[in-house]
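First comes the structure, then the notes that go with it.
A short reminder: the numbers here are calculations on the coordinates, not readings from a lab. All values reported here derive from a predicted model rather than from experimental measurement. Here Cβ is always computed from backbone atoms with ideal geometry, including for glycine, and neighbour counts include all displayed protein chains.
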Amino acid sequence: MKVSHCVLSVVVVCVSLPLLSQAQTPDERTPTVPQNNADTATKPALDLVPDANGLLSQSQMQELFRAVAAKDLENEKRLRDYTCIEREVQDKMDGKGKVQSTETKTYEVLQVYGEQVQRLIEKDDKPLSKKDADKEESKIQKIIEKRKNESDSDRKKRLEREEKDREQGRKFVTEVADAYTFKLAGTEQVGGRDAWVIDGEPRPGFVPHMKESKLLSKFHGRVWIDKGDLQLAKMDVECLDTISFGLFLARFHKGSRLMLEQTRVNDEVWLPVHVTAKIDVRVALVKGFNVGLEQSFRDYKKFRASSKIVSVGEVKEP
């Protein structure tokens with residue numbers, strides 16, 4: 001269940017948008033961000049009431065963004081509790097955008113000692129041969145054995161690396177609200193739920209403090225934010241300039257688009273259902289090829305280490 005880092009960066013950009021230019025009557029005031037019982041005892045409710053002009057102050061925006069960022073981090077933790085089926089379609093195209101070949105792979109996303117791993121189960125929508133299926137099973141068993149036999153010191157180092165990555169994400173989030181000028185475009189239904197529709201444009205003069213934050217000025221677009229949960233329901237962003245990333249010099253060209261759709265699962269977590277992107281891949285500086293990537297996710301099931309995997313519809317929290 002892996003979405004590219006660039007896509008996720010843009011997602012983080014967008015989750016702070018909901019109310020920056022929201023004009024409301026007194027009966028339509030923004031609800032405070034829901035918190036669990038433990039948080040309620042230690043954290044005051046957010047003041048998200050707009051001023052007389054229907055706007056939020058900079059301090060309100062910052063507090064809102066911190067709350068949304070915290071919800072997003074909690075959402076990420078819950079995501080790890082779910083398995084699913086992931087289907088990936090990769091189109092290789094010529095310079096004119098004509099598809100030359102298509103490769104389809106379907107994965108079963110599993111939970112192995114708290115880590116999500118992919119097991120290939122189909123190629124071009126056909127089951128794997130016994131030989132290939134055995135290879136995949138062997139790969140999963142190696143991961144299981146590695147985690148089972150992991151020493152305390154190795155586990156500590158791994159967890160420290162993961163926490164460092166999360167901390168970098170938190171630092172990145174603090175820069176997002178300053179990077180864009182936002183405009184409320186209206187309200188629409190997404191998945192049967194009300195969502196704010198917000199446009200974001202790079203703010204002139206924004207000075208990034210992190211290497212990753214330089215990407216923020218390279219995108220603009222529209223997002224749909226669920227009003228009830230303050231979670232990203234949909235995103236459609238466009239690249240404003242060519243950017244390169246990764247070991248294989250993959251590129252997003254000006255005009256390339258990234259699209260993401262998410263859905264609320266089991267009344268507790270927001271998970272991706274559809275991701276599309278178009279990139280230009282060049283290996284070792286030689287002439288490369290354009291790639292159209294489409295990922296779809298289905299059959300989410302909640303994993304419990306102490307019990308069997310059950311379907312989403314069967315899950316009942318105590």
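Values as computed for the structure displayed
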item: 28 Å Cα-Cα threshold exceeded, pairs from K98/K214; K105/K278; K126/K148; K71/K214; result: K98/K214; K126/K148
item: Burial order of peptide ranges 131-137, 228-234 (average beta-carbon count within 10 Å, highest first); result: 228-234, 131-137
item: Contour minus Cα-Cα distance for K211 and R80 (0.36 nm per residue); result: 44.4 nm
item: Separation between Cα centres of segment 177-235 and segment 81-95, rounded to whole Å; result: 25
item: Net dipole in debye of segment 99-140 [+1 Lys, Arg Cβ; -1 Asp, Glu Cβ; about Cα centre; nearest 20]; result: 120
